[in-house]
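For reference, the structure discussed in these notes is given below.
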Amino acid sequence: MITYSVESMDECLEDMRHLWLVHWEEIELDKDKIALEPDIDTFRQIEDVGGLHIVVARDEADQAVGYHVSLVRPHLHYRSSLTAYVDLYFIHPDHRRGRVGLNLFLYAEQTLRELGVQRIYTATALHKDMGRLLEFMGHREFERHYSKMIGD
């Protein structure tokens, strides 16, 4: 049985750390050039001004098995529109069955709506494409993002 809850950094940070490396190993294409080094101080600053929304998925032993992290703020182009920018989402591979991922997204969407969020922006890595799930939930593709390594 997986449960979902909105948690503060203090409530979930230590429980989520074991997932970060698994997530990074699966998603990051430039591991040889960019080290995993989360900026916890900046996440805390964003949380302090009410701009961080963290949903944690926990198993029956209360262990974190997934997360959905959004930055919430008025859109820079439409300042009266509260917008969620999904920064991270992940379910540990051992728990990717049934509706665990879908339920994580649905719970995050519900709780973001309760905060007054009008629009959610969510990206997906092309090599781990979540587009079908996002479209199933009513998201629509509208833009492509590109990345280029320009430094050492």
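The values are calculated or read from the model by the stated rules, or taken from the named source; none is laboratory data. Keep in mind it's a predicted model, so treat the numbers as computed, not measured. Note that we place each Cβ from the backbone using ideal geometry, even for glycine, and neighbour counts take in every protein chain shown.
Say whether the condition of being modelled with pLDDT of 95 or more, under 16 Å from the mean Cα position of the chain (by Cα), of a type in the set (A, V, I, L, M) and not in a strand (DSSP E or B) is met by at least one residue in the range 42-63. Yes, there is a match, as at least one residue in the range 42-63 is modelled with pLDDT of 95 or more, under 16 Å from the mean Cα position of the chain (by Cα), of a type in the set (A, V, I, L, M) and not in a strand (DSSP E or B). Confirm whether VAL72 is in contact with a Cys (Cβ under 9 Å, 6 or more places away or on another chain) and outside any helix (DSSP H, G or I). Here the answer is no, as VAL72 does not meet what is asked. Might you let me know whether the range 90-98 holds any residue that is without any contact (Cβ under 8 Å) to a residue 40 or more places away in the chain, surrounded by 10 or more Cβ atoms within 10 Å (Cβ to Cβ) and out of contact with any Gly (no Cβ under 6 Å at 6 or more places or on another chain)? Scanning the range 90-98, I find at least one residue that is without any contact (Cβ under 8 Å) to a residue 40 or more places away in the chain, surrounded by 10 or more Cβ atoms within 10 Å (Cβ to Cβ) and out of contact with any Gly (no Cβ under 6 Å at 6 or more places or on another chain), so the answer is yes. Remark: pairs (first residue in the range 111-129, among the basic types (Lys, Arg); second residue surrounded by 14 or more Cβ atoms within 10 Å (Cβ to Cβ) and modelled with pLDDT of 95 or more; Cβ separation under 6 Å; 6+ apart in sequence or on different chains) = ARG119/THR83. Listed conditions (1) surrounded by 12 or more Cβ atoms within 10 Å (Cβ to Cβ); (2) in contact (Cβ under 8 Å) with a residue 40 or more places away in the chain are all met by GLY51, apart from (2). Checking each residue in the range 69-86 for being farther than 12 Å from ILE120 by Cα and not aliphatic (A, V, I, L, M) picks out HIS77, TYR78, ARG79, SER80.
Is it the case that some residue within the range 115-134 is farther than 28 Å from HIS18 by Cα, among the charged types (D, E, K, R) and in a loop (DSSP other than H, G, I, E, B)? No, the conditions are met nowhere in the range 115-134. Screening LEU106 with (1) on the phi < 0 side of the Ramachandran plot; (2) part of a loop (DSSP other than H, G, I, E, B) gives one miss only, at (2).
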